[in-house]
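For reference, the structure is listed below as structure tokens.
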Amino acid sequence: MLQAYIEAARMTWLLEPKYYDRLMQVASRQLSDKDAARAARTDKLEKIQAVNARRGVKLDGTTTITVSEGVAIQVIAGPIFPHADSVGDISSPEPANVDRLSADFDTAINDPLVKSILLYFDSPGGAAAGINELAGKIRAARGIKPVEAYVMGDGCSAAYWLASATDRITVDATAIVGSVGVLVSWLDTTAADEMDGVKFEILTNTKSSEKYIDPTTEAGKSNIVSRLDDIAAVFFDAVAGNRGIDVAVIEAWKGNVFVGARAIENQMVDAVGSFENVFNRLKSRGNTIMSEEKAEYTAPVISNIAELADQYPRLAEQIQTEAVIAERQRIMSIMSLSEPGFDDLIQSAIADGISAGDTALQLISEKKSRGVTLQQIQDEGDAARIAPHSDGTQSAAHTPKAWAENFWQARGNI
């Protein structure tokens, strides 16, 4: 069994599941498979570095950052590891690791020639260790220099945690972001060991009975999930604080991923756009720091339904559907107030967009002006007062007309 597989199985991951499966498969195979994986990874990294290379020269003392016209571009590609280790070695020729990313980021922050920083992501996430600290460092830099994120391919899990710490997240229309959650696995060799006549046991001291957790038991699984929940709570709270959203919004994502505009609808990112546009905006801003109150990095101002449909098509469709339902209910409520001799009032209320409650008030007022008394209304059965049902349903007495009559009576106007 490869040591890389054993190490990977022991780690806690903030990683998009499909990539996690692929990583574990590669870790369990022979060297030829590792070489193939490294070759594929090299091709992807070279494409990303080609984009970076167009943007100037490498920043002195770094391996992940180039600088052009005052904008430092840090590439975060592939799985992210705490250090350069055996697991990273099977995944890429230059695995992204927290130590290197953090040191390079510090260099960019402290370099007076760097006016702003652009984090360029194409990463499915990575190991949990070190991500919270690095994200905190990125968040703290907001008050020093402008820091933005751009996602070309994947910006998932640990990578998304880092991106969320920036001032603004822009993604390609086909970029995949999210996968906010924690996972871990274990290698169950029980059956194989039995076939080989091997029995493996671990003993702990009496007062440390939970030092070793057996993941093959339900109690062990429950204990491990509890630990994952604790890490996830830190993850959720950090993203919520970074993005200025409620934790409930993140929980509603359920660890899912979203593409481009769908990520905007789910409050994961700020805009869909191109790398060139983000770079040019940062270049023009220089080192102007955006305050928390400025609206530059909020969603664009929408002035009509056409613009809303263009920016947020699903939201526009939902609003239009709800508006149609609400208007239908308003008209039906007004029509329910209709009585002989008051047709003009009813039709006018419908045409003018008046609510059913206000229409009921107008109807009572018009009746009063015609000499109709409350007693007459009651004799007609219009003002029957029935208490709400115990099951919470609304009775006839709580229609807009009944409410208006109660209102007028309370004010002594009838």
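The values are calculated or read from the model by the stated rules, or taken from the named source; none is laboratory data. These numbers come from a predicted model, not from an experiment. A quick note on method: Cβ atoms are made from the backbone with ideal geometry, for glycine too, and the neighbour counts reach across all protein chains shown.
Taking only region 176-213 into account, find how many residues are in a loop (DSSP other than H, G, I, E, B) and over 28 Å from residue 79 (Cα atoms).
In the first step, residues of region 176-213 are kept if they are in a loop (DSSP other than H, G, I, E, B); the result is 179-182, 184-189, 196-205, 209-213.
Narrowing the set further to residues that are over 28 Å from residue 79 (Cα atoms) leaves 196-205, 209-212.
Result for region 176-213: 14.
When only residues in region 183-218 that are under 24 Å from residue 255 (Cα atoms) and free of Cβ contacts under 8 Å to residues at least 40 places away in the same chain count, which is surrounded by the fewest Cβ atoms within 10 Å (Cβ to Cβ)? Show your work before the answer.
To start, the set of residues in region 183-218 that are under 24 Å from residue 255 (Cα atoms) comprises 183-187, 215, 218.
Filter once more, so that each one left must be free of Cβ contacts under 8 Å to residues at least 40 places away in the same chain: 215, 218.
Numbers: 215: 15, 218: 9.
The selected residue is 218.
So which of 159, 129 ends up being within 16 Å of residue 234 (Cα to Cα) and in a loop (DSSP other than H, G, I, E, B)? So that I can check it myself, show each step before the final result.
Details: 159 fails: in a loop (DSSP other than H, G, I, E, B).
Only one candidate qualifies: 129.
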Legend entry - Of the criteria (1) aliphatic (A, V, I, L, M); (2) in contact (Cβ under 8 Å) with a residue 40 or more places away in the chain; (3) part of a strand (DSSP E or B), which one residue 135 fails: (3)
Inset, instruction - Quick one: in region 92-124, of everything that is more than 24 Å from residue 276 (Cα to Cα) and modelled with pLDDT under 90, which residue is surrounded by the most Cβ atoms within 10 Å (Cβ to Cβ)? - result: 95
Inset, instruction - Pairs only if they're at least six apart or on different chains, beta carbon under 9 angstrom, first in region 250-267 and under 12 Å from residue 172 (Cα atoms), second in a loop (DSSP other than H, G, I, E, B) and of a type in the set (Ser, Thr, Tyr); list them, first residue then second. - result: 259/174; 260/174; 261/312; 264/312
